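Asker: Have a look at this one before I ask anything.
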Amino acid sequence: MKRSMIARFAAIALVLSGQGVFAQGTAPQFGKDPIKAIVKAMSLDDKVKIVVGKGFSLPGMSMGSNDETPDKIFAISGHTIPLAKFGIPSISMADGPSGIHRWAMTAKDSANNNFSTAWPVGTLLASSWDTTLIHKVGVAFGEEIKDYGIDFILGPGANIHRNPLGGRNFEYYSEDPLVSGSAAAAIINGIQSQGVGATLKHFAANNQETNRASVNEIISERALREIYLRNFEIAVKRSQPWAIMSSYNLVNGTYTSESNDLITKILRDDWGFKGMVMTDWFGGKDAVAQMQAGNNLLMPGSPAQIKAITEAVKSGKLSEAVLDKNVEGILNVWLKTLTAKGFDYPNKADLKAHAQVARMAAAESMVLLKNSAQALPAHSGATVALFGTHGYDLIAGGTGSGDVNKPYAISLADGLTNAGFKVDASLQKSYKDYLSDYAAKHPKKPLIQEIMNPSPFAPEYIVDGSVVTQKADASDLAIVYIGRNAGEGNDRKVEGDYRLTSQEADMINQVSDAFHAKHKPVIAVLNIGGVIDVTTFRDKVDAILLAWEPGEEGGNAIADVLSGKVNPSGKLATTFPTVYSDVPSAKNFPGKEFPEKATMGMMGKSIPAEVIYQEGIYVGYRYYHTFKIKPAYEFGYGLSYTKFTYSNLKLSGLTFHDKLTASVTITNSGNTAGKEVAELYLTAPKGQLDKPSEELKGFAKTRLLKPGESQTLTFTLNAKDLASFNTGKSAWIADAGKYVVKIGASSEDIKLQKGFTLPGSLTVEKVHKALAPQASIDELKN
Ligand code: BGC
């Protein structure tokens, strides 16, 4: 059909649909005419339809709709309102960070090619310390997003692991802002290389799920700048995500989505962010304040928000110029989208090829925590007694919007079998029967309830003691498998979650006694979304493999590492403490509630709460090291099946000018090919501010080194790497004095070090005074 005929039919359709006389030819057109001209030609109603989403209406569930046109993409989290007269299409957005989420989780609903790859979760990817690998995942992920015609993916998440109980930690990367920001930038660059948008979230300080939509996070300016914003700053500057999602919580008394300090002064002015900012779903309270803050797009969008913004402009409470700026910002980003470009997407993805990327990324990122007497790698013909329900039922990823409509999830039992191990058949049958019996007796709740409050797992199955003894005779080795899951809406608990359940402890004790009596090894596999207490059982097993939540190919990837097909090279991006009470935020998590002030909102009962970040900048290893608290496994730690030696640390100079480079040679001094992550920590002179004993300022991973082979890794230190945030001056300042570069295999295992001098103090960067807490915080000091 000719273009002119299409336009005529479209015009007739619009007149019939009651949207007024078709203005094509007279109204400026999106994609053809300047955005400014379109905004100029828009009525107030038109503009408001750009800044408020289409509403939340999914199959079988609606929470108010702003537009009746059918959704372009099936059951995803959000769409925007189309404006036909300007040729502005409806833009689509789907969760989430570890794969495409559709709000229909049954095989039946996912029948139309709608399955998506479940990638390893953020915490696992970060444990690779390999931005090239994470970028590779991003490229494949981006390809899939594009193939399904989705304009924006609602991820990655990059908040800091402030506390091990954080329900969404699995979606995030690390306790350290450099690791978090680098990982986020790598995946964003990969995703966006495919012409689809990434949405960096949740900006900022979404460090807990308890009262997530009403909690006021009280944080010093320094802790914000150095820890809770620095991750986002690195990601924004290195990858310019098309979108950022503000968080649900308040920071220092203001909802992040309503904070001009956060969204305009810091994000746009200090950091140069060019994209659009959207709210989290139903986040914040005041649509007008959100507009004024520069939070351009309110998602998923409600009729009440349309009304509030329209009235505010009419009454003069909201300047139309502010609205115009927000509209312009959004349209400029939308111009880049697939939909704007009329991309004819195939609506099917290369799930087979992507599964291989997911498997490789998972195996390359897993962390070997313990390996006594070379219990691993295990011979792939070995007979394995696999204990633990999740060994037969993989936890590929977390719950809520971070869940993925995956085609399958390979359990470890299947992964071992695929790799040639002989998995004990009668044990396998008992576990599978137990799981299917439990599932039959505990049907799932309705979709939305299941999403926000997932049904608990089946309790650990108790294998009879005599059976365990019998398996110790019949098998070459035992695997004890521990599973954990969490997700948005809820934080984890210490009892029975951070700590083992009594059934799990019994299982480990029983297996350990029986197998060790026969001098056979016991391997623990941890399929967990967040840190757990390992101290109660680590002495009872010979090896521990931390698989985190490894995505759909998990069982195959774990088997790759257990068999030695892949030599583990992941390292911890988050500390495993000795006891929960050692965690620096333990006494301020999840904060204090004010139930007398509770109200009902869009997201149910909302209880105002506050959390005071008394630990200040002392998060994770910055705390454990400075205050000499020994963790169970420290930040940056991870074993390999080979050994590495570090030599020849060289600095480009002994005095710092604009930048300085450090290089180090890593040699594989063992017998197996492997990769090593080297970490650069910097100790800064005391100067005017309190400082952690050292901070990570660089990291690099070798290629696969054969035994005897070496590689030289180079790190660059810029002035900002030397600086701390001086609140009084609202500036990043590097103090004069002696700095020490420490190259380590972990934060505790420093191999080489060398000093350099900064002759005079440097004001590296002056920024806006922003986000000051209203009250003084009694912050931890060194
Ligand atoms: C989550 C976001 C998600 C959004 C849309 C919210 O509940 O916090 O991470 O992107 O829903 O599904």
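Asker: State, to one decimal in nm, how far the label point of K32 lies from the label point of T757, with both points 7 Å from Cα in the Cβ direction.
Answerer: 6.8 nm
Asker: So in the stretch 206-353, what percent of DSSP beta bridges are antiparallel if you round to the nearest 5?
Answerer: 25 percent
Asker: Shifting gears a bit: Mind checking which lysines have their Cα closer than 17 Å to the Cα of K445? Skip sequence neighbours fewer than 8 apart in that chain.
Answerer: Candidates past the 8-residue exclusion: K108.
Asker: What distance in nm separates the simple spin-label points at K729 and D749, each placed 7 Å from Cα in the Cβ direction?
Answerer: That separation, rounded to one decimal, is 3.9 nm.
Asker: To continue, here is another question. Using just the C-alpha positions of the stretch 165-293 as equal point scatterers, what log10 of I(q)/I(0) does the Debye formula give at each q in 0.20 1/Å?
Answerer: Debye output, listed in q order: -1.21.
Asker: Which of rounded, prolate or oblate describes the stretch 377-445 when judged by the alpha-carbon gyration tensor and an a/c cut-off of 1.5?
Answerer: Since a/c reaches 1.5 but b/c is at least a/b, the shape of the stretch 377-445 is classed as oblate.
Asker: Determine the alpha carbon to alpha carbon distance for each of K650/K686; K325/K769; K201/K630; K54/K307; K643/K701 and list only those over 21 Å.
Answerer: K650/K686; K325/K769; K201/K630
Asker: Quick check on the stretch 235-331: what does the Kirkwood estimate of hydrodynamic radius come out to from the alpha carbon pairs, in Å?
Answerer: Its Kirkwood hydrodynamic radius stands at 13.4 Å.
Asker: Please list 3J(HN,Hα) in residue order for the stretch 129-135, calculated via the Karplus relation 6.51 cos²θ - 1.76 cosθ + 1.60 where θ = phi - 60°; whole Hz, with x for glycine and proline.
Answerer: Rounded to whole hertz, the list is 6, 9, 6, 5, 5, 5, 4.
Asker: In whole Å, what are the Cα extents of the stretch 487-616 along the three principal axes, biggest one first?
Answerer: Per principal axis, max minus min of the Cα coordinates gives 61, 30, 29 Å.
Asker: May I ask you to compute the full-extension gain from K605 to F627, defined as 0.36 nm times their residue separation minus their alpha-carbon distance, rounded to one decimal in nm?
Answerer: Gain on extension, K605 to F627, equals 4.0 nm.
Asker: To the nearest 20 Debye, how big is the dipole of the stretch 175-294 about its Cα centre, given +1 on the beta carbon of each Lys and Arg and -1 on that of each Asp and Glu?
Answerer: The calculated dipole for the stretch 175-294 is roughly 300 debye.
Asker: With both partners inside the stretch 516-641, how many of the DSSP beta bridges are antiparallel, as a percent to the nearest 5?
Answerer: 60 percent
Asker: Divide the volume of the convex hull of the Cα atoms of the stretch 386-541 by its number of residues and quote the answer in cubic angstrom per residue.
Answerer: Taking the convex hull of the Cα positions in the stretch 386-541, it is 116 Å³ per residue.
Asker: Suppose a student asked you for the relative contact order of the stretch 410-518, using Cα pairs under 8 Å spaced at least 6 residues apart; what percent would you report?
Answerer: Worked out over the stretch 410-518, it gives 27 percent.
Asker: Given the convex hull of the Cα atoms of the stretch 302-400, what is a quarter of its surface area in nm²?
Answerer: The number I arrive at for the stretch 302-400 is 14.0 nm².
Asker: Output the Kirkwood hydrodynamic radius of the stretch 578-647, Cα pairs only, in Å rounded to one decimal.
Answerer: 15.6 Å
Asker: Set the Förster distance to 45 Å, then compute FRET efficiency between S315 and K659 from the Cβ-Cβ distance, nearest 0.05.
Answerer: 0.25
Asker: Compute log10 of I(q)/I(0) for the stretch 475-547 with the Debye formula, placing one identical point scatterer on every Cα and leaving out solvent, at q = 0.15, 0.19 Å⁻¹, to two decimals.
Answerer: Ignoring solvent entirely, the Cα scatterers give -0.50, -0.74.
Asker: Hey, another quick one. May I ask for the net charge around E68, where only other residues with Cβ less than 14 Å from the Cβ of E68 are counted and Lys, Arg are +1 while Asp, Glu are -1?
Answerer: Net local charge, E68 excluded: +1.
Asker: To one decimal place, what orientation-averaged projected area in nm² is obtained for the convex hull of the Cα set of the stretch 176-245?
Answerer: Directional mean of the projected Cα hull area for the stretch 176-245 stands at 4.9 nm².
Asker: Report the relative contact order of the chain, percent, no decimals, based on alpha-carbon pairs under 8 angstrom and at least 6 residues apart.
Answerer: 14 percent
Asker: A follow-up question, please. Through the Karplus equation 6.51 cos²θ - 1.76 cosθ + 1.60, θ set to phi - 60°, convert the phi angles of the stretch 508-519 into ³J(HN,Hα) values in whole Hz; use x for Gly and Pro.
Answerer: Here the 3J(HN,Hα) series is 5, 4, 4, 5, 4, 4, 5, 6, 5, 4, 9, 6 Hz.
Asker: For the stretch 689-782, with only Lys/Arg (+1) and Asp/Glu (-1) charged at the beta-carbon, what is the dipole magnitude about the Cα centre, in debye rounded to 20?
Answerer: Dipole size: approximately 360 debye.
Asker: Additional query: Using the Karplus curve 6.51 cos²θ - 1.76 cosθ + 1.60 with θ = phi - 60°, what ³J(HN,Hα) values do you get for each residue of the stretch 251-262, in whole Hz, with x for Gly and Pro?
Answerer: 10, 6, x, 10, 4, 4, 6, 10, 9, 5, 4, 6
Asker: Related question: So, counting K/R as plus one and D/E as minus one, what does the shell of residues with Cβ under 11 Å around T645 add up to?
Answerer: Around T645, the charge tally is +1.
Asker: What share of all Cα pairs of the stretch 594-735, in percent, falls into each consecutive 5 Å distance bin?
Answerer: Spelled out bin by bin, the stretch 594-735 gives 2, 8, 12, 14, 14, 13, 10, 8, 7, 4, 3, 3, 1, 0 percent.
Asker: Still on this structure, I have one more. Within the chain, what percent of beta bridges assigned by DSSP are antiparallel, to the nearest 5?
Answerer: 60 percent
Asker: With each label point set 7 Å from Cα along the Cα-Cβ vector, what nm distance links S647 and K274?
Answerer: 4.7 nm
Asker: Between K738 and F594, how high is the FRET efficiency from 1/(1 + (r/R0)^6) when r is the Cβ-Cβ distance and R₀ = 51 Å? Nearest 0.05.
Answerer: 0.60
Asker: Moving on to the next point. Students often forget the sequence filter, so: which aspartates and glutamates lie under 15 Å Cα-Cα from K592 once same-chain residues fewer than 8 apart are removed?
Answerer: Cα-Cα hits under 15 Å: E209, E217, D491, E610.
Asker: Evaluate Rg over Rh across the chain, taking Cα atoms for both radii and Kirkwood's formula for Rh.
Answerer: 0.98
Any read-out appearing in this document is the output of simple, stated calculations on the displayed coordinates, not a laboratory observation. All of these numbers come straight from a predicted model, not from anything done at the bench. Heads up, the Cβs are rebuilt from the backbone with ideal geometry, glycines too, and the neighbour counts pull from every protein chain shown.
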